[in-house]
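Notes for the one structure printed next.
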Amino acid sequence: MSIISWIILGVIAGFLGSKIVNKTGQGILLDIVLGVVGAIVGGLIFSAFGASGVTGLNIYSLVVAVIGAVIVLWAYHQMTANRAP
């Protein structure tokens with residue numbers, strides 16, 4: 001996949017993952033970063049279970065990336081929730 005495809009997939013996965021986890025976005029830059037990291041994490045998780053990971057810019061890859069983004073966002077919120085204001 002090209003860098004542009006990863007960014008597009010990351011934006012969509014990060015946005016959808018943010019809506020699933022906390023109903024609001026984290027901001028466009030953080031959504032992109034967490035979405036791309038989520039796509040990588042989702043691909044690793046699916047590969048570990050014998051399924052194919054992110055294969056391109058398609059619906060299956062989007063589902064994998066969103067699942068990974070939800071996991072990454074959940075972990076992100078767990079780390080930031082423990083900070084004392």
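The values are calculated or read from the model by the stated rules, or taken from the named source; none is laboratory data. Keep in mind it's a predicted model, so treat the numbers as computed, not measured. Quick reminder, even Gly has a Cβ in these numbers, built from the backbone with ideal geometry, and neighbours come from all protein chains shown.
Observations, loosely collected:
- Residues satisfying the stated conditions in region 3-31, i.e. over 16 Å from Val64 (Cβ atoms) and either among the charged types (D, E, K, R) or surrounded by 20 or more Cβ atoms within 10 Å (Cβ to Cβ) (or both): Ser18, Lys19, Lys23, Gln26, Asp31
- Looking across region 52-74, the residues that are modelled with pLDDT of 80 or more and exposed (fewer than 13 other Cβ atoms within 10 Å of the Cβ) come down to Asn58, Ile59.
- Scanning region 9-32 for residues that are modelled with pLDDT under 80 and part of a helix (DSSP H, G or I) yields Gly10, Asn22, Ile28, Leu29, Leu30, Asp31, Ile32.
- Within region 66-85, the set of residues being within 20 Å of Ile7 (Cα to Cα) and free of Cβ contacts under 8 Å to residues at least 40 places away in the same chain comprises Ile67, Ile71.
- Residue pairs meeting the criteria (Cβ under 8 Å; at least 6 apart or on separate chains; first within 15 Å of Ile8 (Cβ to Cβ), in region 42-65; second among the β-branched types (Val, Ile, Thr) and assigned to a helix (DSSP H, G or I)): Val54/Ile40; Val54/Val64; Leu57/Ile8; Leu62/Ile12; Ala65/Ile12
- The residues of region 33-51 that are loosely packed, with under 15 Cβ neighbours inside 10 Å and either aromatic (Phe, Trp, Tyr) or at pLDDT below 75 (or both) amount to a single one, Phe49.
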